[in-house]
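Down below is the structure, laid out as C-alpha cells.
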Amino acid sequence: MKIKDIKKISNIIKMSETKKINIAGRVVRKNNFGGIVFLKILDFSGNIQAIMKKKNTVNFKFFSININLGDLIYIKGKTFLNKRNQKCLVAIRIKIIAKNFIPFPDKYHKIVDEETKYNKRHLEFNTNENSFKKILLRSEFIQKIRIYMYKKKFIEIETPILNKITGGADAKEFKTYCNYFNKNMFLRISPEIYLKKSIICGFNKIFEIGKNFRNEGISKNHYPEFTFIEFYSIYTDYKWSMAFVEKMLKNVIYSVFKKSFFNYNNEKIFYLNDFEIISIKKSILKYQPHIYEKINDINFFKNEIKKIYSFKKYNEIKELSDINIFHYYYFEKKIIKYLIQPTFITHFPISVSPLAEKYKNKNLSKRYELYICKKEIANGYTEINDYKEQKKRFTEQKKRNKKEIDNNYIDYMKFGMPPTSGCGIGLDRILMLITDSKNIKDVIIFTH
C-alpha cells in the first residue's frame with residue numbers, strides 16, 4: 001500500500017475533493033458522537049481530520065471503541081473539504097498499526113510539567129506542534145549552513161572526539177578511559193587544535209559541524225554537549241572572519257524565515273542590518289558613559305570587580321597590572337546585558353585568548369565575539385602561527401588551569417602554519433534565538 005504524507009494530501013485535496021488516499025499517523029484527538037467519530041491524525045509533515053461514519057467505515061463499531069489516543073493507525077479513505085473549507089478524510093478502511101499503552105494527553109492540552117516535557121519527548125512532540133517544528137527547523141537550518149559552506153568552497157572534515165589531552169579552551173572536561181592506550185582520555189572541549197593541524201596538513205578552507213563537551217553544568221543557556229560549527233581559512237584575518245560570519249548568518253537565517261527580523265523575548269532582532277563592531281573598552285564607555293573619567297583607573301575597576309565577582313575570582317586577578325583584563329571582567333558582568341542587536345565585540349586581553357594573535361606592543365588580541373540578545377553566539381580570531389609564541393601562551397595558560405601543554409600541536413606548527421583565521425559558532429544558541437526559545441533544551445531533540 002502506498003501511504004501519502006499528510007502535508008501532500010492538502011495539495012491533493014485542492015485539486016480533487018473525492019480522491020481516494022492512504023495515510024498513516026498517530027491519533028492525537030478523538031471525539032465520539034455515536035454514529036460518527038472525529039479523529040485528528042498526526043504524522044511528521046502535519047495533521048488532518050479523519051471522519052469515521054457508521055455507513056462508510058468497515059467495522060465501524062469495533063474501531064469506534066478500540067481506537068484510543070496515541071494509537072498509530074492506517075486509513076484508506078476519500079478526501080473532501082468540509083463546510084468550513086477544512087481538509088478532511090472520510091475513512092473507508094482502518095487498520096490499527098500499533099497500540100499505545102501509556103496515558104496520552106489530549107491534543108488540546110500541552111505538557112507544562114518540565115520533567116515530562118524534556119524527559120518524555122515522545123509525548124511532547126506528539127502533543128505540541130510548535131516543539132516538533134523547532135526540531136524540523138533545526139534540521140533545515142544546519143542543512144543550509146552546510147550548503148552555504150560548500151558554495152564558498154569549504155570542505156567538511158571530521159576530527160577526533162576522544163582526545164589524549166584536553167587542549168584548547170579553558171573549560172572543565174569530561175574524562176573517560178581507553179583500554180587500548182591504557183590511559184585516561186577526554187571528550188573534546190573543541191575541535192580547534194585538530195582543525196588547525198588540518199590547515200597545516202594543507203587543507204586550506206575547512207569546517208566541521210559536530211558535538212563539543214564541557215562538564216560545567218546545565219542552565220537555560222548551557223548544555224554539557226552542544227553543537228558547533230567551526231571553520232578556518234588560510235590567508236585571512238579576524239576582520240575577514242567577522243565579515244564572513246555576518247554574511248553567512250544573514251544568508252542562512254533569511255533563507256529559513258524570508259523576513260528581515262525575528263522575534264526573541266519580545267524584542268525584534270533586525271539581523272539584516274549591519275552588525276555593530278565595537279571594542280570592549282568602547283562598549284563600556286557607550287553603555288556606561290558616567291564612568292568616562294575612570295575608564296583608565298585600574299583601582300576603580302578592581303573595586304568594581306570585587307563587588308560583582310566571588311572572593312576566589314577576585315583573588316585570582318587582583319594583583320594583575322593589565323587594565324584590559326579588568327575591563328574584560330567588568331564587561332562580562334555589566335555590559336553584555338545591553339547587547340540585544342547583533343554586535344561584534346573586539347580587543348580581548350591576550351590572557352583570556354591563548355590561541356589568538358596579539359596586536360603589536362599591546363596586551364590585546366585580534367579576537368572577536370558575536371553577541372545577540374545578550375548571548376554569546378560566536379568566537380573567532382586571527383590564529384597564532386608562530387610556534388614559539390604559541391608555546392609561551394600554552395605555558396602561561398598552564399599556570400592558571402594546570403592544562404597539559406599540547407606539544408604535538410607545537411610540532412605541527414614548526415612545519416609552518418599559514419596565516420589563518422577561524423571561528424566557532426554555537427548552533428544551539430542561534431536556534432534558541434530564531435525559534436524564540438527560552439531554554440536551550442527546546443531546540444535539542446533529546447535531553448537529560
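The values are calculated or read from the model by the stated rules, or taken from the named source; none is laboratory data. For clarity, every value in this text was computed on a predicted model and none was experimentally measured. Every residue, glycine as well, gets a Cβ built from its backbone with ideal geometry; the counts of neighbours run over all protein chains shown. Areas reflect the complete protein model, heavy atoms only, side chains present, ligands, DNA and RNA absent. Shrake-Rupley method; radii C 1.70, N 1.55, O 1.52, S 1.80 Å.
Taking region 399-418 only, how many residues are at pLDDT 95 or above, surrounded by 14 or more Cβ atoms within 10 Å (Cβ to Cβ) and not aliphatic (A, V, I, L, M)? The number of residues fulfilling the criteria is 3.
The condition (being surrounded by fewer than 21 Cβ atoms within 10 Å (Cβ to Cβ) and in a helix (DSSP H, G or I)) is satisfied by just one residue among E376, E319, E369, E389: E389. When we screen S139, S131 for residues that are among the small types (G, A, S), under 30 Å from G424 (Cα atoms) and surrounded by 13 or more Cβ atoms within 10 Å (Cβ to Cβ), the only hit is S131.
The number of residues in region 65-103 that are of a type in the set (S, T, Y) and more than 23 Å from L123 (Cβ to Cβ) comes to 1. Just to be sure, is K250 within 25 Å of F141 (Cα to Cα), open to solvent by less than 40 Å² (accessible area, probe 1.4 Å) and at pLDDT 95 or above? Taking the combined requirement at face value, the residue satisfies it. Scan (1) under 30 Å from M248 (Cβ atoms); (2) surrounded by 15 or more Cβ atoms within 10 Å (Cβ to Cβ); (3) touching a helix residue (DSSP H, G or I) at 6+ places or on another chain (Cβ under 9 Å) for the single condition I147 breaks and write down its number. The single condition I147 does not satisfy is (2). The residues of region 237-282 that are of a type in the set (S, T, N, Q), more than 30 Å from T420 (Cα to Cα), touching a residue at least 40 places away in the same chain (Cβ under 8 Å) and not in a strand (DSSP E or B) amount to a single one, N265. For region 47-89, the tally of residues that are closer than 20 Å to F33 by Cα, open to solvent by 50 Å² or more (accessible area, probe 1.4 Å) and not in a strand (DSSP E or B) stands at 13. Among the residues of region 369-385, just one is among the aromatic types (F, W, Y) and in contact with a Gly (Cβ under 8 Å, 6 or more places away or on another chain), namely Y381. For region 322-343, a residue qualifies if it is open to solvent by less than 40 Å² (accessible area, probe 1.4 Å) and over 25 Å from I384 (Cα atoms), and the qualifying residues are Y330, I335, I336, L339, I340, P342. Against the criterion of being in contact with a Pro (Cβ under 9 Å, 6 or more places away or on another chain), of a type in the set (F, W, Y) and outside any loop (DSSP other than H, G, I, E, B), Y328 qualifies. The set of residues from region 394-448 being closer than 30 Å to Y314 by Cβ, part of a helix (DSSP H, G or I) and charged (D, E, K, R) comprises E396, K398, K399, R400, R429.
Can you find even one residue in region 163-186 that is more than 24 Å from K441 (Cβ to Cβ), open to solvent by less than 80 Å² (accessible area, probe 1.4 Å), part of a helix (DSSP H, G or I) and in contact with a helix residue (DSSP H, G or I) (Cβ under 7 Å, 6 or more places away or on another chain)? Scanning region 163-186 turns up no residue that is more than 24 Å from K441 (Cβ to Cβ), open to solvent by less than 80 Å² (accessible area, probe 1.4 Å), part of a helix (DSSP H, G or I) and in contact with a helix residue (DSSP H, G or I) (Cβ under 7 Å, 6 or more places away or on another chain). Selection within region 344-362: residues that are polar (S, T, N, Q) and buried (at least 18 other Cβ atoms within 10 Å of the Cβ). The member of this set that is modelled with the highest pLDDT is T346. A count restricted to region 202-245 and to residues that are under 19 Å from the mean Cα position of the chain (by Cα) and either under 27 Å from E173 (Cα atoms) or open to solvent by 30 Å² or more (accessible area, probe 1.4 Å) (or both) stands at 25. It is to be established whether one or more residues within region 228-236 are at pLDDT below 95 and not in a helix (DSSP H, G or I). No, there is no match, as no residue in region 228-236 is at pLDDT below 95 and not in a helix (DSSP H, G or I). Considering only residues in region 113-128 that are open to solvent by 30 Å² or more (accessible area, probe 1.4 Å) and among the acidic types (D, E), the one that is nearest to D442 (Cα to Cα) turns out to be E114. Inclusion of E396 among residues that are open to solvent by 10 Å² or more (accessible area, probe 1.4 Å), over 17 Å from Y271 (Cβ atoms) and in contact with a Pro (Cβ under 9 Å, 6 or more places away or on another chain) is warranted.
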